[in-house]
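Novice: Take a look at the following structure, please.
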Amino acid sequence: MTAELFERQLALIADGDLEGLLAQYHEDATVVRLDRVVHGPAELREFFASYLALKPVVDEVKSVQITDDVIFYNADMTIGGNQLNTFGTLVLKEGKIWRQTAAAVPR
């Protein structure tokens, strides 16, 4: 189930599917990045609408570790025309993303 959620997450990002992406998140979800923290459905909607507007592309998933409720990944992405090396963690609760961390550095 966890691996399938990660694959679905990648596909939803590729498709620019905001509603599908939001459906992946628990109602108490929090996303933590170095530049901001996003809590709850309204903030998640605003955050991911802005993110998808940058036309993110997952160029290559370089590494992923998956347990029953945690996904840790490293991927090369192009976001807003910038080539980035991204890292993040997805923690699941009740089959949905409950906590997420994300960071990116230039490639």
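None of the figures in this text is laboratory data; all of them are computed from the coordinates on show. Every value quoted in this text rests on a predicted model; they were computed, and no experiment measured them. Glycine gets a Cβ as well: all are built from the backbone with ideal geometry, and neighbour counts include every protein chain shown.
Novice: Looking at segment 1-16, which of the residues that are out of contact with any Gly (no Cβ under 8 Å at 6 or more places or on another chain) and crowded, with 16+ Cβ neighbours inside 10 Å is nearest to E46 (Cα to Cα)?
Specialist: Top of the filtered list is I13.
Novice: Could you say which residue among G20, G88 is part of a helix (DSSP H, G or I), surrounded by 14 or more Cβ atoms within 10 Å (Cβ to Cβ), among the small types (G, A, S) and without any contact (Cβ under 8 Å) to a residue 24 or more places away in the chain?
Specialist: On the way: G88 fails: part of a helix (DSSP H, G or I).
After applying the criteria, what remains is G20.
Novice: I want to confirm something. Restricting to segment 23-43 and keeping residues that are touching a strand residue (DSSP E or B) at 6+ places or on another chain (Cβ under 6 Å) and free of Cβ contacts under 8 Å to residues at least 24 places away in the same chain, which single residue is surrounded by the fewest Cβ atoms within 10 Å (Cβ to Cβ)?
Specialist: So, considering only residues that are touching a strand residue (DSSP E or B) at 6+ places or on another chain (Cβ under 6 Å) and free of Cβ contacts under 8 Å to residues at least 24 places away in the same chain, the one surrounded by the fewest Cβ atoms within 10 Å (Cβ to Cβ) is H39.
Novice: Continuing with this model, one more query. Is at least one residue of segment 65-80 without any contact (Cβ under 8 Å) to a residue 12 or more places away in the chain and exposed (fewer than 12 other Cβ atoms within 10 Å of the Cβ)?
Specialist: The first filter runs over segment 65-80 and keeps only residues without any contact (Cβ under 8 Å) to a residue 12 or more places away in the chain, leaving 65.
Okay, now just the ones that are also exposed (fewer than 12 other Cβ atoms within 10 Å of the Cβ), so 65.
Yes.
Novice: Checking E7 against (1) in a strand (DSSP E or B); (2) without any contact (Cβ under 8 Å) to a residue 24 or more places away in the chain: exactly one of these is not met. Which one?
Specialist: The one condition E7 does not meet is (1).
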